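Below is one structure, written out as structure tokens; comments come after it.
Just so it is clear, none of the values below were taken in a lab; they were calculated from the coordinates. Predicted model, so just to flag it, every value in this text is computed and none were measured. Reconstructed Cβ throughout: ideal geometry from the backbone, glycine too, with neighbour counts over all protein chains shown.
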């Protein structure tokens, strides 16, 4: 690993196209939402990587890294003797991830590149391929896993985390929260994305020619006045609003994004409700030697 190559990562990003395949967009507000989401679900992400066997000195490829949350967790785990390469189609997201890596003091061994995943051809061999909330957006997740596993060392790790979005609900049911969940599901389905990818990880791994994965599930259940869940839901819908308006699912006037978090809070408090956010499923396996 050449120090001069990794030093250049602290100074500049690769190019890349933005496109429109990511339904929540590439605004600065969306990047902030992704950072807050990453902090909100960090514990589960870290547990899955530990369980999968990520350790010091490994070379790790992070698919669909967005602003770098999972890459930075992996960077902490592999340390300066390892390498993490995060790949995302958005050059702006990659630039944000590089800034965060520099702030975390990891930019010498955590680097990023902007590329479309279907065109990405890594030059390195990796000890692990990881990703979070990325396979749901791919037209053929198994084909991507199969192709990139060719760049995985024998016995290398494949570890991914995806949501069970239809499982989100309020107990007792809140009409506004139920509408928000329905709007999100309708928007993503309209875009052709998989809203229930978590339980389908087993089939995706097997279709990619990988051994059956070990799998776990975990989710946040939130309640009370100060929960982040209200802002989390409102910020997600704000990012999805352009897609929802184009699809005729809901208008900005009906959504009311500026007051949505507070309205969700008041509904939950009035019902003394708990909000079940979409659970995450983690799956990991090892390429046969």
## Note on the structure
Looks like the stretch 145-289, by Cα gyration tensor root eigenvalues a ≥ b ≥ c and the a/c under 1.5 rounded cutoff (else prolate when a/b is bigger than b/c, oblate otherwise), is prolate
### Message
Report the rotationally averaged projected area of the stretch 97-147 based on its alpha-carbon convex hull, in square nanometres.
### Response
4.5
#### Entry: Label-point separation in nm, residue 189 to residue 289, each point 7 Å along Cα→Cβ
4.6
### Summary
Label model pair residue 151, residue 81: point-to-point distance (7 angstrom along the Cα→beta-carbon line) in nm is 2.5
### Query
What's the angle, to the nearest 10 degrees (0 to 90), between helix 69-78's Cα axis and the longest principal axis of the chain?
40
## Note on the structure
If the chain between residue 42 and residue 217 were fully extended at 0.36 nm per residue, the gain over the current Cα-Cα distance would be 61.6 nm
### Task
Rank-order 230-237, 27-34 by packing density, defined as the average count of other C-beta atoms within 10 Å over each peptide's residues, highest first.
230-237, 27-34
#### Entry: Spin-label pair residue 119/residue 32, simplified geometry with 7 Å Cα→Cβ offset, distance in nm
3.2
### Gyration tensor verdict on the stretch 12-152 (Cα atoms; rounded if a/c is under 1.5, prolate if a/b is larger than b/c, oblate otherwise)
rounded
### Message
Over the chain, with a Gaussian network built from C-alpha contacts below 10 Å, which listed residue (214, 103, 123) shows the highest mean-square fluctuation?
### Response
123
### Message
If R₀ is 35 angstrom, what is the calculated FRET efficiency for the pair residue 247 and residue 140, using the beta carbon separation as r and rounding to 0.05?
### Response
0.90
### Query
Counting pairs of alpha carbon atoms under 8 Å apart in space and at least six apart in sequence, what relative contact order in percent does the stretch 104-237 give?
24
### Task
Starting from the exponent 0.38 and prefactor 2.2 Å, build the expected Rg for the chain from its residue count and divide its actual Cα Rg by it.
1.00
### Task
Rank by packing, highest mean first: peptides 218-227, 195-204, 93-102, with packing defined as the count of other Cβ atoms within 10 Å averaged across residues.
93-102, 195-204, 218-227
### Task
Can you tell me the relative contact order of the chain? Whole percent, Cα pairs under 8 Å, sequence separation 6 or more.
21
### Task
Using 0.36 nm per residue of separation minus the Cα-Cα distance, give me the extension gain between residue 50 and residue 102 in nm, one decimal.
16.4 nm
### Query
In deg cm²/dmol, rounded to 500, what helix-only [θ] at 222 nm does the chain give when every DSSP H run of at least 4 residues adds -39500 (n - 2.57) and the total is split over its residues?
-13000 deg cm²/dmol
#### Entry: Considering only the chain, percent of DSSP beta bridges that pair antiparallel, nearest 5
45
## Note on the structure
Relative to the chain, whose Cα atoms define the longest principal axis, helix 42-52 and its Cα axis are tilted in degrees, nearest 10, by 40
### Task
Place the peptides 280-286, 173-179, 158-164, 264-270 in order of packing, highest mean first, counting for every residue the other Cβ atoms within 10 Å and averaging per peptide.
158-164, 280-286, 264-270, 173-179
### Query
Using alpha-carbon positions, what is the distance between the centroids of the stretch 186-224 and the stretch 245-289, in Å?
16
### Query
If one takes the longest principal axis of the Cα atoms in the chain, at what angle in degrees, from 0 to 90 and to the nearest 10, does the Cα axis of helix 229-247 lie?
90
#### Entry: Alpha-carbon Rg/Rh ratio, for the stretch 75-221, with Rh computed the Kirkwood way
1.00
